[in-house]
Ligand SMILES: [Mg+2]
């Protein structure tokens, strides 16, 4: 058996602009890079838990991660069942293993053999518009449309609802739903007793979907909204911490959302994400994949994984537009051209 060695190092990435999220404003981002080597080759993966959001954030994160790396070095394989509840660690280790074993390139960054990974096709992505004032958001939307995006995702729930509704109305008065697909993400901001009314108001503007209208953890209420809502509902935070396959099935079966949105760092690594997608597909529930503020190492792995899961001709825009966020990002052969992300080895 091969002799493996693992190294874990902590990195702090700096946002170009403070990133406003539902969990507050981030200026820096802490990640852990796992490097595996077998004496001849090496591969790097990124573990990027999100504070206050990931189910595997913990004070002894690096120690636990080192333990899993050690176990890989001893066994020569990932102990998937032991790592089920540690999705960000699993994702990083899965990436490092794929990079280590990639026979395809000297870059060690081509992780799958797909049309995307060979640089033959791009993956359509949505333009992400961060939270801000009405004027800021309006300007950011204009910029995305000018760049060629046909799918724009708006974070809502930050400014007041009437202003957000007005913003959506204005976009729709200029661009029909044939021209621009609008997705909104409420990050759980709507109080349950106002949610249906708000969904009805939003649905006047032919939106594609709304993410997480109410806070996670209220399955019966979310199920009711999914039944009653005129607007398709997508689950995101709801999936966090639901790591065991039987509970996943149960949750989807009760809530019956239109879509689930998968972030490998948060929702089970590649293994757990694949499981979610297959379970959802069996129930007629759609899905797409998004990044979660990883560096380009994670983003590269997510994009290639996405092409391996959904095939060579992805038409549903994915959430992979987070590559230009950091001043000190790690270079990877990823490029955004128009509304598509490409993997291009030079
Ligand atoms: Mg979301």
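Rule-based calculations on the coordinates, nothing more; no lab input. Worth saying up front: this structure is predicted, and the values here are computed from it rather than measured. Don't worry about glycine lacking a Cβ; one is built from the backbone with ideal geometry, like all the others, and counts go over all protein chains shown.
Give me the distance in nm between label points sitting 7 Å out from Cα along the Cα-to-Cβ direction at residue 12 and residue 200, one decimal.
5.0 nm
By how many degrees, between 0 and 90 and to the nearest 10, does the Cα long axis of helix 61-75 differ from the longest principal axis of the chain?
With rounding to tens, the tilt is 50 degrees.
Hey, quick one: spin label on residue 315, modelled 7 Å out along Cα-Cβ, who in region 126-155 has an amide N within reach, i.e. under 18 Å?
In region 126-155, the label zone of residue 315 (backbone N under 18 Å from the point 7 Å along Cα→Cβ) covers 126, 150-152.
List the pair-distance distribution P(r) of region 1-47, using every Cα-Cα distance, as the percent of pairs falling in each 10 Å bin from 0 up to the bin containing the longest distance, rounded to whole percents.
In whole percents, the pair-distance histogram is 23, 35, 23, 14, 5.
Rounded to a whole number of µm²/s, how large is the Stokes-Einstein D of region 201-346 at 20 °C and 1.002 mPa s, given Rh as the Kirkwood radius over C-alpha pairs?
Numbers: Rh = 16.2 Å.
In µm²/s, the coefficient rounds to 132.
So how much slack lies between residue 221 and residue 170, counting 0.36 nm per residue of separation and subtracting their Cα-Cα distance, in nm?
On the way: separation 51, 0.36 × 51 = 18.36 nm, distance 3.08 nm.
Answer, rounded to one decimal: 15.3 nm.
Counting helices only, and only those DSSP H runs with n ≥ 4, report the 222 nm mean residue ellipticity of the chain as the sum of -39,500 (n - 2.57) divided by its residues, in deg cm²/dmol to the nearest 500. Provide the component values of the computation, followed by the final result.
On the way: 10 runs with 123 residues, N = 346.
Dividing the helical sum by the residues of the chain leaves -11000 deg cm²/dmol.
Relative contact order of the chain, please, whole-number percent, based on alpha carbon pairs below 8 angstrom and at least 6 residues apart. Working shown, then result.
Details: 689 pairs, mean separation 70.5, N = 346.
Computed value for the chain: 20 percent relative contact order.
If you build a Gaussian network model of the chain, linking Cα atoms that sit under 10 Å apart, which residue out of 324, 250, 304 swings the most?
Ranking 324, 250, 304 by mean-square fluctuation puts 250 first.
Starting from 0.36 nm per residue, how many nanometres of slack lie between residue 281 and residue 77 once their C-alpha separation is accounted for? Working shown, then result.
Working: separation 204, 0.36 × 204 = 73.44 nm, distance 2.83 nm.
Going from the current span to full extension adds 70.6 nm.
How many nm separate the modelled label positions at residue 63 and residue 136, each set 7 Å beyond the Cα in the direction of the Cβ?
Inter-label distance under the simple model: 3.9 nm.
Give me P(r) over region 28-163, computed from all C-alpha to C-alpha distances, binned every 5 Å, as integer percentages.
Using 5 Å bins, I get a P(r) of 2, 9, 14, 13, 13, 13, 13, 11, 7, 4, 1, 0, 0 for region 28-163.
Percentage of Cα-Cα pair distances in region 78-232 greater than 21 Å, rounded to whole percent?
On the way: 7065 of 11935 pairs.
The proportion of pairs with Cα distances above 21 Å equals 59 percent.
Pick from 90, 207, 299: which residue has the top mean-square fluctuation in a GNM of the chain where Cα pairs under 10 Å get a spring?
207
Can you give the FRET efficiency for residue 192 and residue 253, using 1/(1 + (r/R0)^6), R0 = 30 Å, r = Cβ-Cβ distance, to the nearest 0.05? Write down the numbers at each step before the final one.
Values: r = 21 Å, r/R0 = 0.70.
Taking R0 as 30 Å, the efficiency between residue 192 and residue 253 is 0.90.
Looking at the chain, what % of its DSSP beta bridges pair antiparallel, to the nearest 5? Don't skip to the answer; put the middle values down first.
Working: 27 of 48 bridges.
Percentage antiparallel, nearest 5: 55.
Give, to the nearest whole percent, the P(r) tail of the chain beyond 35 angstrom, counting all Cα pairs. List each step's numbers first, then the result.
Values: 11988 of 59685 pairs.
So the pairs more than 35 Å apart make up 20 percent of the total in the chain.
How high is the relative contact order of region 1-159, in percent, counting Cα pairs under 8 Å that sit 6 or more residues apart?
Details: 238 pairs, mean separation 30.8, N = 159.
19 percent.
Using label points projected 7 Å from each Cα along Cα→Cβ, tell me how many nm separate residue 177 and residue 115, to one decimal.
That separation, rounded to one decimal, is 2.8 nm.
Cα axis of helix 245-255 to longest principal axis of the chain: angle in degrees, 0 to 90, nearest 10?
For 245-255 against the chain, the angle is about 10 degrees.
Once you've got the GNM for the chain with C-alpha springs shorter than 10 Å, pick whichever of 216, 292, 301 has the biggest mean-square fluctuation.
Its mean-square fluctuation being the largest, the pick is 216.
To the nearest 10 degrees, how steep is helix 219-228 against the longest Cα principal axis of the chain, on a 0 to 90 scale?
Helix 219-228 sits at roughly 50 degrees to that axis.
What does the extension gain come out to for residue 40 and residue 274, with contour length at 0.36 nm per residue minus their alpha carbon separation?
On the way: separation 234, 0.36 × 234 = 84.24 nm, distance 3.03 nm.
Net length gain for the segment: 81.2 nm.
Using square roots of five times the C-alpha gyration tensor eigenvalues, list the equivalent-ellipsoid semi-axes of region 1-92 in whole Å, biggest first.
28, 15, 9
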